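These notes concern the structure reproduced below.
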Amino acid sequence: MTDRAPLSERRIIEAAAAVADRGGLTAVSMRNVGKELGVEAMSLYHHVANKEALLDALADWVFSSIELPEIGAPWQEGMRRRAVSARDVLARHPWALTLIESRGNPGPALLRHHNAVIGCLRRDGFPVRLAAHAFSVIDAYIYGFVLTEQNLPFDTTTNPADFATEIAPPPADYPYLAELVTELITTPDYTFTAEFTYGLDLILTELENRLPTP
């Protein structure tokens, strides 16, 4: 029988993430995290001050899981890779979006993340104000898309034709909506998830158009 790995802040945070994955943020408590690790809750306080500190660290863990754009690399590729990575992380952990939007104590991973995004834009020609606009609109798009995905009444990774058929409106009353539903039903390879990259490309293209001429 091997000895159990010693407690560390990293292990505690990862255990908290596992608890949240199964039961949501409301399930994250010092007792439940301790149970996840097979220890008493009091043992956690040697590494994490309290539950609020644990939630701050968990929010920072989310940002540490997102791929950072490389400062000095082409900005479009950096923003695209970062956006896709952020969307994937937030989709894997449905509680993460609520958490990162609610914490007011930025950790080192969040600060590195933000610095990398801004640095990638600035080093590739973005004025400070346009970099701020770009960061804001891209994140608003990522977060909004993830929130929509989490609340759709069908599996976003499969063809939503069956659901579309169920809700198909009368064409005589709602001709344009019925036209859209029909188009989705008759397009066998359509998935809602594909809308993410399409919309992201629209944003990146418009940002490119707004860059000042070198």
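Where a number appears in this text, it was derived from the coordinates with a stated rule and is not lab data. Worth saying up front: this structure is predicted, and the values here are computed from it rather than measured. Methodologically, a virtual Cβ is constructed for each residue, glycine included, from the backbone with ideal geometry; neighbour enumeration extends over all protein chains shown.
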Using the Cα centre of the chain as origin and beta-carbon charges of +1 (Lys, Arg) and -1 (Asp, Glu), tell me which of Gly199, Met42, Val84 is placed farthest towards the positive end of the dipole.
Met42
Run the simple label-point estimate for Ala5 and Asp139 please: 7 Å along Cα→C-beta, distance reported in nm.
3.0
Between helix 175-185 and the chain: long-axis angle, C-alpha atoms, 0 to 90°, nearest 10:
60
Could you check the simple spin-label distance between Ala41 and Ala27, using points 7 Å along Cα→Cβ, in nm with one decimal?
1.7
Taking 0.36 nm per residue of sequence separation and subtracting the Cα-Cα distance, how much length would be gained by fully extending the chain between Thr213 and Ala132, in nm to one decimal?
27.3 nm
Taking the simple approach of a point 7 Å from Cα along Cα-to-Cβ for both Arg92 and Arg112, what is their distance in nm?
1.6
Candidates for Cα Rg over 2.2 N^0.38 Å are (i) 1.38; (ii) 1.05; (iii) 1.26, and the calculated one carries label (iii)
Length gained, Ile167-Thr197, 0.36 nm per residue minus C-alpha separation, equals 8.2 nm
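For a protection proxy built on the mean count of beta-carbon atoms within 10 angstrom, sort 196-208, 47-59 highest first, please.
Values: 196-208: 14.3, 47-59: 17.9.
Order by mean packing, descending: 47-59, 196-208.
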